[in-house]
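What follows is a short report on a single structure.
The values are calculated or read from the model by the stated rules, or taken from the named source; none is laboratory data. As the structure is a prediction and not an experimental result, all values here were calculated from the model. So basically every Cβ, Gly included, is an ideal-geometry build from the backbone, and we count neighbours across all protein chains shown. Surface accessibility is based on the protein's heavy atoms, side chains included, excluding ligands, DNA and RNA. Shrake-Rupley method; radii C 1.70, N 1.55, O 1.52, S 1.80 Å.
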Amino acid sequence: MLRTVTVPPSSDEVARAADEVSGGALSGALVKRWPRGRSHHAYLLTMPTGERFLFKVHKRPHPGRMRRFLNLAELMREQAVPHPTVRWSDFERRTLAAPYFIQDFITGEDAARSLTALSFTDQNRVGTELANGLRSLHAVAYVDTPVPWAAELDDRMRTRAVECRTLDALDVAGQERVLAHYEDRQWALEDVPRRLTHDDLNLANLLLQQRRDGWHFVAFLDFERARGRDPLLDVVRLESWTLPACPAMAAPFRATYAAVDDENSRARSEIYEVYLLLAGIVWYRENELPEREKFCRERLQSWLDRRS
């Protein structure tokens, strides 16, 4: 079990730790709780100059998770992936009882909050910028396990199907239908290279910024679930779960990202379409997100009905 940080650090503790870890660069920062963090206790640091940073403390401290994230942050900085750059961190808990990091604060609104304000022209622009950002993310080679992707997904697919039976999201016939669909296309997973994938590209994790000429995509947020997998997983999730909420983004996104309509890509996409629903049901149940679990359950049932 991961130990839960039940009591977040006080503002004074955060200010003192920020001052120490930055060698005085953050001395005098005004500290305020940042309410939008889910997996972190988050604090907004505002300097006398007006410069701002986010101070994030893991709610569930885990050395391996923190080490992986700091490694990812450096890779993304080197590859110019649009994300809030990490400036300081304390992995060894020298200055605070829990590990934490401090990253740039980028002004803007996530796409879930700003969606209704986007015009047709804004959506076209954001779709193109999002595709360029995702291409830079997926250009990062990232192998976080020696197991081939085909073997890893095989284990995940079969395990998620069993778990969904336990959660009454699948019956015996449904489980057989899902696995037959997968096994018919399993050949397409061989020799897929691992690249850095976000794995949670919902609207809340896309940061947009309003400028004089309209809204722009500026950064990906929340890399807690990032792994080295098939980039097509991100694309399928975006196109089937996220972009339908902003349809004018879809065409410029597809035109800019790359064509993924060859036979191999189509087969993998058809696997990922159902895999993401199975994994979503399990993940959202574990994390007590009933509305999102319901979304996945309804889409899975629709998928099964179309193939009955």
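Residue pairs whose Cβ atoms lie under 7 Å apart, separated by 6 or more positions or on different chains, with the first residue in region 29-40 and farther than 18 Å from residue 221 by Cα and the second open to solvent by less than 30 Å² (accessible area, probe 1.4 Å) and β-branched (Val, Ile, Thr), are 31/14. State yes or no: is residue 226 crowded, with 21+ Cβ neighbours inside 10 Å and within 15 Å of the chain's Cα centre (by Cα)? It is true that residue 226 is crowded, with 21+ Cβ neighbours inside 10 Å and within 15 Å of the chain's Cα centre (by Cα). Checked against (1) within 16 Å of the chain's Cα centre (by Cα); (2) open to solvent by less than 30 Å² (accessible area, probe 1.4 Å), residue 29 meets all criteria but (1). Does residue 208 satisfy being crowded, with 17+ Cβ neighbours inside 10 Å and either out of contact with any strand residue (DSSP E or B) (no Cβ under 9 Å at 6 or more places or on another chain) or in a strand (DSSP E or B) (or both)? Spelling it out, residue 208 is indeed crowded, with 17+ Cβ neighbours inside 10 Å and either out of contact with any strand residue (DSSP E or B) (no Cβ under 9 Å at 6 or more places or on another chain) or in a strand (DSSP E or B) (or both).
Of all residues in region 231-283, those satisfying the criterion of being assigned to a helix (DSSP H, G or I), of a type in the set (Val, Ile, Thr) and either open to solvent by 10 Å² or more (accessible area, probe 1.4 Å) or closer than 26 Å to residue 124 by Cβ (or both) are 235, 236, 242, 256, 282.
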